[in-house]
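Here's the structure, in structure tokens; my notes come after.
Each reported figure results from applying straightforward, stated rules to the coordinates on display, with no laboratory input. What you see is a predicted model; the values in this text were computed from it and never measured. Here Cβ is always computed from backbone atoms with ideal geometry, including for glycine, and neighbour counts include all displayed protein chains.
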């Protein structure tokens with residue numbers, strides 16, 4: 001009996017170690033709790049983030065141990081990547097946004113259009129519109145396809161009324177990045193310097209790769225299996241994130 005208990009404990013310890021290795025060095029699951037990345041990511045999406053994409057820092061590990069400010073096996077992210085990072089305000093909270101500005105870039109919104117280094121980013125309006133919940137508000141958005149200078153294209157949502165028209169110039173410091181949500185009028189991101197601002201390279205956690213599960217909680221709990229035909233977004237299972 002004693003030997004069996006010891007073997008069970010060993011198995012549990014090994015399982016925990018293997019899980020920590022996978023989570024720290026390979027892939028980590030994340031849940032999307034807000035609409036800040038719509039239409040790319042929806043509330044209720046669950047996704048895998050590759051931890052090896054940009055190398056490793058203290059934020060690659062659970063609880064972000066120590067204050068060591070270097071990356072190992074460093075790889076530079078590409079403009080347009082969807083990235084999970086720790087917010088600079090507390091170095092603890094996970095945010096997921098799209099990488100817009102690289103170190104040294106100048107970012108500005110002029111007349112509702114994104115400019116990078118004084119170049120207006122191509123934005124093509126779609127025939128589709130989208131109703132989006134933003135906290136307790138609900139507003140209609142126009143959907144656009146934006147294309148960054150490196151050819152990366154993705155869909156963005158802009159509010160039909162009250163969209164952010166103009167900003168000051170954001171100058172991205174060296175070893176920092178500038179992030180924006182695809183839902184441009186419902187995203188706390190690098191445009192808000194007091195709460196998010198520029199993100200240090202050491203705060204990057206990983207690159208969002210694919211959604212492996214999605215459940216629309218507004219239509220019912222996952223545990224109400226008799227409603228799965230309404231709540232499960234099967235078309236989003238194992239969908240690559242662009």
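Couple of notes before you dig in:
- Ascending count of other beta-carbon atoms within 10 Å, so fewest first, for 167, 141: 167, 141
- Order of 30, 178 under a 10 Å beta carbon neighbour criterion, fewest first: 30, 178
- A Förster distance of 35 Å, applied to the separation of the beta-carbon atoms of residue 75 and residue 160, puts the FRET efficiency at 0.35.
- Estimated inter-spin distance, residue 195 and residue 46, nm [label 7 Å along Cα→Cβ]: 2.8 nm
- Cα-based helix-to-principal-axis angle, 2-25 vs the chain, degrees rounded to 10: 20 degrees
- Shape analysis of the chain places it in the oblate category; the axes a ≥ b ≥ c from the Cα gyration tensor give an a/c of at least 1.5, with a/b not above b/c.
- The residue 224 and residue 133 beta-carbon pair, evaluated with R₀ = 25 Å, returns a calculated FRET efficiency of approximately 0.75.
- Helical runs (DSSP H, four residues minimum) scored at -39500 (n - 2.57) apiece and divided by the length of the chain put the mean residue ellipticity at 222 nm at -3500 deg cm²/dmol.
- Here the residues 176, 59, 115, ranked from fewest to most Cβ neighbours within 10 Å of their Cβ, fall in the order 115, 176, 59.
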